[in-house]
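See structure below.
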Amino acid sequence: MKKVAILGRPNVGKSSLFNRLARERDAITSDISGTTRDIKKRIVTISGDREFEILDTGGIDRSSELFAKVADFSLRAAKEADIILYMVDGKTLPDNEDRELFYQLQSLHKPLALIVNKIDNDKEEEKYWEFLEFGADAVFPMSVSHNRYFNNFYQWLEQYIPPSTQSAPLELTGEVDPFADDLNENFEDINESEEEFDNKISVAIIGRVNTGKSSLLNALLKQERSVVSDVAGTTIDPIDEMIEHNGYEITFIDTAGIRRRSKIVGIEKFALTRTTEMLEKANIVLLVIDATVGVTELDERVAGLIEKHSLACLIVLNKWDIREEKSYEEATQDIRDELKFLHYAPLITISAKTGMRVHKILDHITAIFERYKQRIPTSKLNDVLRSAINRHHVPSYNGASVKIKFATQYETKPPKIALICNRPDGLHFSYKRYLANYIRSQFDFEGVPLVIEARKRGERMED
């Protein structure tokens, strides 16, 4: 698949073009110079059947150490790309730095277009002629914000993007509804449907600012994919990268660091919203905690997002190499005491900076994912349920007996179990928690949340 990289100096509209091509507001845009810092990637389609990967890069500016790193990332993306789009601000006069950068890209001998953005009306179009002195083979005036003058640009791009030779497969979706009114005692459940091969894992790396999330992503990928800086809040846009490990396709999402709500300002508000959106698409979360600080109140709030979205979780205690004198047992106990609602999550101590134990995270991820999508045979589940009830009978509700007729798993990722009762509202939450813990003791659910719902026969389950 062809790769198309968008390059240019800060605040010329690169992320706006990325969003326009992707047909969604994916990259965060603002008037603040340097909003985009890492490389964002998306698969997009034009002309119905021409598919390619678009890369949104950070503005090329070497005015500070942080921005110099961003510039290096952008130029590296240009070398990896098949097609390069260099964007300039059409409301300004040609700049010597733009000329030098454009000539540098010409030396790569790849299809290269000069895009003169912010030509918002016919009167401003004459400004575009000033940029012909760059000597570009393809120059396109356009207004990304007003969606003007795109036709010629698309025609040029189509020369280098071949049409797809394969038609997209028809996707059939269907869910077994264990609460349909016409089901009999032989309850249909998820185990009666054929299990599809599933090896694609989406992993969100989450935590408060400056815990080392981007360093961890780079260590996992064994390359500098995310900009790392001592400046808190360096990552703004969530970025993602896929690697293969033992037959699994693992896509990592490095999310923006989360601050206290009172300290969230400007574009970081967009970053927080985007982080929440990414969690809705994730299967597993790596919760990164700074071992030199321990669990803070904000860490608890971040962890609360994991519980809210019922995600599988691995707690990653980073900076273990520079922690103060604290034993593993003490550190682990502190985390368990503070994050009781993530009792199911295993914990690993690492150093993203030195690479200590980072390689073990991949094996943890694949093992947790298998448990996250596991199906419990209905007969075994009900054997365990009977054993649990025999140990501790179901408490009555306002003097009336509560009977659990049977249990069935109706969903995976995360595993969800329905308890069919005569009085669902009468099943106390503490008893459901007891059943969840008992089921965990009989089946391997390490790292995985277990959702248990009490329902009447025929009652539909709401997500």
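Among the candidates 435, 427, 385, 450, the residue that is surrounded by 14 or more Cβ atoms within 10 Å (Cβ to Cβ), at pLDDT 90 or above and more than 23 Å from residue 308 (Cβ to Cβ) is uniquely 385. Residue-level check: of (1) under 21 Å from residue 253 (Cβ atoms); (2) crowded, with 22+ Cβ neighbours inside 10 Å; (3) among the small types (Gly, Ala, Ser), residue 304 misses just (2). Of these, 364, 393, 359, which one is of a type outside the set (A, V, I, L, M, F, W, C) and touching a Pro at 6+ places or on another chain (Cβ under 7 Å)? Only one candidate qualifies: 364.
Which one of 97, 124 is under 22 Å from residue 149 (Cα atoms), assigned to a helix (DSSP H, G or I) and at pLDDT below 90?
124
When 384, 448, 394 are screened for being in a loop (DSSP other than H, G, I, E, B), β-branched (Val, Ile, Thr), touching a helix residue (DSSP H, G or I) at 6+ places or on another chain (Cβ under 6 Å) and outside the structural domain of residue 245 (by TED's automatic domain parsing), only 448 passes.
Suppose we filter 85, 66, 55 for residues that are over 18 Å from residue 140 (Cα atoms) and at pLDDT 85 or above; which single one remains? Testing whether each residue is over 18 Å from residue 140 (Cα atoms) and at pLDDT 85 or above leaves just 55. If you go through segment 311-327 and keep only what is surrounded by fewer than 21 Cβ atoms within 10 Å (Cβ to Cβ) and in contact with a Leu (Cβ under 9 Å, 6 or more places away or on another chain), you end up with just 323. Scanning segment 353-410 for residues being within 18 Å of residue 453 (Cβ to Cβ) and among the hydrophobic types (A, V, I, L, M, F, W, C) gives a total of 11.
The values are calculated or read from the model by the stated rules, or taken from the named source; none is laboratory data. Keep in mind it's a predicted model, so treat the numbers as computed, not measured. No Cβ is skipped: glycine too gets one built from the backbone with ideal geometry, and neighbour counts run over all protein chains shown.
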